[in-house]
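Visitor: First, the structure itself, so that you have it in front of you.
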Amino acid sequence: MSIFLSTDLKYLQPYVPGEQPQDRRYIKLNTNESPFPPAPGAVVAAAEQAANLNLYSDPTCLPLKRAAADVYGLAPENVMAGNGSDENLAHIFRAFLTDKGIAFPDITYGFYPVLCSLLGIAHKVVPLRADFSIAVGDYKDVDCPVCIANPNAQTGIYLPPAEVQRLIEQSASRLVIVDEAYIDFGGQSCAPLVNKYKNLIVVQTMSKSRSLAGARVGFAFACAELIADLEAVRASFNPYNINRMSMAAAAASLSDSGYFADCTKKIQLVRQYTAINLNELGFEVLPSMSNFLLARHPAKGGEELYLALKERGILVRHFGDERIKDYIRVSIGTREQMDAFLGAVRAVIAEDV
Ligand code: PMP
């Protein structure tokens, strides 16, 4: 730490993304990326923009906003586009939470507390139930804004829209942020509800279901008033926040609903296949509506399993949080990748017999 660092950042603990080791080739099932390439039209559109990189990108993002709004029957005024949903979350936290604080579940996306410490936001943690589901009733008396991931990060558990509405309706004067990074793998989005509820912001990303993690594009959907506030923050931070190639790739990807449906369907089928096989190997697998599974084995600890799989060239994620330290999180890849993963798991378990 340098002597120049601002005192309020002395204890900042930055977000730790899933590792990207370069020492050998791994089957990468640790960061919930898509195993499929971007839509063909997205690749072409990005390449076309390479020759225009001498020019700034469109600061209004209007064609991209329109494409995203069309998916949910919304208007461009209901959308902010960002450099990944992480950036949108940062703008949301800056715009609406610095004087109010925020509440979120004890097990959820690790970026929320990091943003709180970066921006000096007080946060309250509301424990999930013993089965890791969100108990909406526990938020009844929470008077600061609430953020949930749906499906929830690390667990994959989905909260049905009626329950999300119950959360939103607990107080019209309390903001609810619903992070739908994993909604396209079987869930139903709450984005269409943003005109009904003026206290709702829905966050989505193109990193998972649209195979564009490297492009860094995400959206915030909300009523026009909330989006206008967010756009003011975005323009004060980086008005050209999405580069030309990513903007073109994202818009092209949104127009290819067939490819999207095909990829997300395949992930759901392979997810089911993987869960069944893990169950047969003795694992407890949480019910997931996302592109990953959180699973634990009665005889092998989470960290032990993670390390043994890494040795065999398979990267999964292990979290040290007390409640989930016995689990591994495995992203759903192709059927071939999951067969390699299951084969390695079988070998690791057999070592002890
Ligand atoms: N929200 C959740 C719940 C996530 O798991 C992730 C991915 N790590 C993000 C947001 C961030 O996604 P993006 O790539 O769009 O920044």
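Values quoted throughout were computed directly from the atomic coordinates according to the rules given, and no laboratory measurement underlies them. What you see is a predicted model, and the numbers here were worked out from it, not measured in a lab. All Cβ positions, glycine included, derive from the backbone under ideal geometry; neighbour counts span all protein chains shown.
Visitor: Which of the three applies to the range 150-235, rounded, prolate or oblate, going by the alpha-carbon gyration tensor with a ≥ b ≥ c and a/c under 1.5 meaning rounded?
Guide: On the way: a/c = 2.28, a/b = 1.11, b/c = 2.05.
Oblate.
Visitor: Which one of 283, 147, 133 is farthest out on the positive end of the charge dipole of the chain, using unit charges on Cβ (Lys, Arg +1; Asp, Glu -1) and the Cα centre as origin?
Guide: Of the listed residues, the answer is 283.
Visitor: If you don't mind, another one. How would 233, 270 line up from fewest to most surrounding beta-carbon atoms within 10 angstrom?
Guide: 233, 270
Visitor: How many nm is it between the label spots at residue 339 and residue 122, if each spot is 7 Å from the Cα in line with the beta carbon?
Guide: Between residue 339 and residue 122, the label points sit 5.6 nm apart.
Visitor: Among bridges DSSP assigns within the chain, what percent are antiparallel (round to 5)?
Guide: That works out to approximately 50 percent antiparallel.
Visitor: Do any of 28/310; 124/208; 100/140; 266/310; 10/100; 208/265 go past 19 Å between their Cα atoms, and which? Spell out each step's value before the answer.
Guide: Numbers: 28/310 10 Å; 124/208 28 Å; 100/140 17 Å; 266/310 25 Å; 10/100 23 Å; 208/265 13 Å.
Check vs 19 Å cut-off fails for 124/208; 266/310; 10/100.
Visitor: Using Cα atoms only, what is the angle between the long axis of helix 40-50 and the major principal axis of the chain, expressed in degrees (0 to 90) to the nearest 10?
Guide: 60
Visitor: When DSSP assigns beta bridges and you keep just the ones with both residues in the range 56-255, what percent turn out antiparallel, to the nearest 5?
Guide: Restricted to the range 56-255, the bridges split so that about 40 percent are antiparallel.
Visitor: Could you order peptides 10-17, 137-144, 109-116 by the average number of other Cβ atoms within 10 Å of their residues, highest first?
Guide: Details: 10-17: 10.0, 137-144: 14.0, 109-116: 19.2.
Going by the mean number of other Cβ atoms within 10 Å, highest first, we get 109-116, 137-144, 10-17.
Visitor: To the nearest 20 debye, what charge dipole does the chain have about its Cα centre, counting +1 at the Cβ of each Lys and Arg and -1 at the Cβ of each Asp and Glu?
Guide: 280
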